[in-house]
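Okay, structure first, notes after.
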């Protein structure tokens with residue numbers, strides 16, 4: 001048996017199957033809702049008459065809201081436990097959607113800033129308990145299957161973007177769409193939250209960590225993981241891995257249009273091909289990781305991604321370019337889920353480590369737009385993407401960080417591999 005397939009590997013029980021279905025549904029619903037309201041950002045920009053620079057600042061507020069949440073959510077999960085923190089996050093999500101509705105109905109710029117910050121905060125607060133639940137499911141069934149949960153999120157995001165596109169075509173007001181889809185999703189996530197966790201395990205873990213202490217104690221719990229070298233390396237891997245997926249989402253369609261003089265429809269198709277390849281790669285994740293192990297999976301997929309990205313940039317419009325997009329998507333599929341799974345290897349403090357990893361992903365979202373935007377201005381969007389190859393190279397160097405912790409270390413004390 002490969003070391004990645006832990007010693008307690010077993011066939012899924014009816015209980016673990018029900019928990020898995022609930023978590024799969026939660027990831028899908030969250031993807032639908034997130035992409036649904038994000039797809040209406042062009043309408044929001046138009047209704048509020050924002051310039052490009054103003055709009056960029058508003059988008060930055062979303063990431064900053066998420067980053068703030070990620071500094072405290074680890075302590076919240078440690079204190080409340082998985083089910084209660086997931087339900088609390090769903091309530092925050094519903095309140096954020098209500099605030100966004102109010103901003104859209106009143107066309108109040110200040111209220112919109114607050115609403116977007118709240119949406120970023122709510123999204124990050126929802127993300128950590130979900131990944132914690134999915135990581136726990138992987139441990140229960142003895143499979144590295146977190147990537148499959150992320151694949152369901154991607155499918156949900158495609159559906160959500162479709163809802164947004166159809167709503168825009170039918171001239172449905174953005175406020176009405178947020179009120180219907182966002183609030184309905186928040187309610188569903190609230191109802192599903194307890195079903196994602198094993199009641200006995202979460203109750204014991206939550207009780208062990210719940211004790212005296214208020215907000216400052218929760219903040220100290222959240223920040224403790226930032227002092228762990230292994231966790232920081234995992235966070236760095238998430239940062240560089242996020243650049244590959246993030247630049248594709250932001251720049252691939254633009255690079256097609258400006259770099260190949262293709263139509264906007266071709267650009268949209270290219271992004272769809274990339275997303276489809278990445279989603280397929282994530283569904284195949286357990287098989288690949290089970291065969292190669294975590295570090296070698298990061299290396300192999302990184303090489304595939306770098307090869308595909310280089311092929312896309314350096315080839316003319318044609319089969320080689322489309323092959324490059326497919327390889328790039330496959331290569332971007334697994335480094336993020338693998339790193340997040342590695343952050344949750346030790347159930348004790350897993351939420352804080354997941355928050356660190358997610359914070360690094362958010363930092364990439366904040367840093368990438370201005371950096372890559374300036375580079376695109378200098379060399380063009382298409383050739384700017386070659387810089388992402390350097391980021392992929394960094395993930396290869398950091399690949400040893402995702403090596404599973406020794407089973408004995410999880411139960412007997414600190415693992416030397418964490419230092």
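The values are calculated or read from the model by the stated rules, or taken from the named source; none is laboratory data. The model shown is predicted, which means the values in this text are computed figures rather than measured ones. Using ideal geometry, Cβ is built from the backbone for each residue, glycine included, and neighbour counts are taken over all protein chains shown.
Brief remarks follow.
- Enumeration of residues in the range 254-272 that are buried (at least 17 other Cβ atoms within 10 Å of the Cβ) and within 30 Å of residue 145 (Cα to Cα): 270, 271
- Considering residues of the range 19-67 that are outside any helix (DSSP H, G or I) and at pLDDT 90 or above only, the residue surrounded by the most Cβ atoms within 10 Å (Cβ to Cβ): 48
- Pairs where the first residue, in the range 160-177, is under 9 Å from residue 36 (Cβ atoms) and the second is in a loop (DSSP other than H, G, I, E, B), C-beta under 8 Å, 6+ apart: 160/39; 161/39; 163/39; 164/39; 164/40; 167/40; 177/40
- So residue 328, is it touching a helix residue (DSSP H, G or I) at 6+ places or on another chain (Cβ under 6 Å) and in contact (Cβ under 8 Å) with a residue 12 or more places away in the chain: yes
- Flag for residue 333 being closer than 19 Å to residue 313 by Cα and either in contact with a helix residue (DSSP H, G or I) (Cβ under 7 Å, 6 or more places away or on another chain) or surrounded by fewer than 24 Cβ atoms within 10 Å (Cβ to Cβ) (or both): no
- Verdict on residue 114 being out of contact with any strand residue (DSSP E or B) (no Cβ under 9 Å at 6 or more places or on another chain), without any contact (Cβ under 8 Å) to a residue 60 or more places away in the chain, surrounded by fewer than 23 Cβ atoms within 10 Å (Cβ to Cβ) and farther than 30 Å from residue 293 by Cα: yes
- Of all residues in the range 356-375, those satisfying the criterion of being modelled with pLDDT of 85 or more, within 25 Å of residue 275 (Cα to Cα) and surrounded by 18 or more Cβ atoms within 10 Å (Cβ to Cβ) are 357, 360.
- The combined condition, being farther than 18 Å from residue 340 by Cα and either in contact with a helix residue (DSSP H, G or I) (Cβ under 9 Å, 6 or more places away or on another chain) or not assigned by TED's automatic domain parsing to the domain that holds residue 336 (or both), is fulfilled by residue 310.
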